[in-house]
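Working notes for the structure below.
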Amino acid sequence: MDLNRVATFLRVVEAGSFTAAATHLQLPTSSVSRSVAKLEEDLGVVLLERTTRKIALTDAGRAYYERAREAVAGLDEANLLAGEAAREPSGVVHVAAPPELGGKLAVLLGEFIRQHPRIHVDVITTARGAELVGGQVDIAIVSGQLRDSDLIVRKLGVSVHRLYASAAYLERRGVPRTVADLARHDAVLYRGSGGHATWELVGPRGPESIKVQGPLSGDSVQFVFEAVVGGHGIGLLPEQLLSRLSASAMPIEHVLPKFSATGALQSLVHASRHLPKRVTLLRDFLSQHLVSCERAC
């Protein structure tokens, strides 16, 4: 089977005539007509009904066109991917990530671009990265459950959250000694809580829950961190966010250090299964190293 004849047949159908297809292919109309006729001869079936004014697909031609179009598109994609594999990956990858990952991500991306110096990574810090995928960004790191969508999701794992407060707050309001004591304190909460939330904590005696409230809430870990540092209450923060700080540089203190909570699920999302090599390389790199960091933190 001559694939050039198949491609010529597809072009005739899409162009609507032998003449238009010949113009696009920069071939004589007679050559295009002979190519399709030879394909029909090879297949032993009539693909096109021809009149002096127009062409029309036969039933067999319509079925052949649909399958052949998919096959040629797959071959074109395979050729493109093979070409990319033969070249050193280059170009820009746009990534969205929550603000609290900024420091950790900068370290990881530094290693990535040392490995792939022709790739440029552009990072947008936002808590709503999933909404940008397929438009402004190629891939996004998101926290929490995703709404139903067509995005491709790769789960990274969950983070460990612990309780923190500033020294000034604890001096003013006292240090909680039990989980029940938290009900009498101000909590810095995540957006959507309406000023109230239930914290599910795990400690020496197993799971414990407590209803908390507070006058401040925000939609990012960074806001909660800054509010806790500012002395506005007790917050549940990812342990890995503060793990790089030395004890002397820690701006806040552990509260009830034997207790922890499971944080939001983190995921890596993108819009298509078929990605340019530069995007695939970064996706796989982040999947490996972010998961490793979560486990290590």
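The values are calculated or read from the model by the stated rules, or taken from the named source; none is laboratory data. None of these values were measured; they are calculated from a predicted model. Quick reminder, even Gly has a Cβ in these numbers, built from the backbone with ideal geometry, and neighbours come from all protein chains shown.
Details
- Restricting segment 123-147 to residues that are among the charged types (D, E, K, R) and over 8 Å from V95 (Cα atoms) leaves a set whose member that is modelled with the lowest pLDDT is R147.
- All positions within segment 171-219 that are exposed (fewer than 10 other Cβ atoms within 10 Å of the Cβ) and either in a loop (DSSP other than H, G, I, E, B) or touching a Cys at 6+ places or on another chain (Cβ under 8 Å) (or both): R177, G192, G194, P204, R205
- Residue within segment 136-159 that is assigned to a strand (DSSP E or B), more than 23 Å from E226 (Cα to Cα) and either outside the structural domain of L265 (by TED's automatic domain parsing) or free of Cβ contacts under 8 Å to residues at least 40 places away in the same chain (or both) present: no
- Whichever residue in segment 220-232 is in a helix (DSSP H, G or I) and touching a residue at least 40 places away in the same chain (Cβ under 8 Å) and, among such residues, is surrounded by the fewest Cβ atoms within 10 Å (Cβ to Cβ): V229
- Residue match in segment 192-209 (condition: hydroxyl-bearing (S, T, Y), farther than 30 Å from V137 by Cα and in the same structural domain as V107 (by TED's automatic domain parsing)): yes
- Those strands (runs of 3 or more DSSP E) lying entirely in segment 9-98 with at least 3 residues at pLDDT 85 or above and closer than 30 Å to V121 by Cα: 91-97
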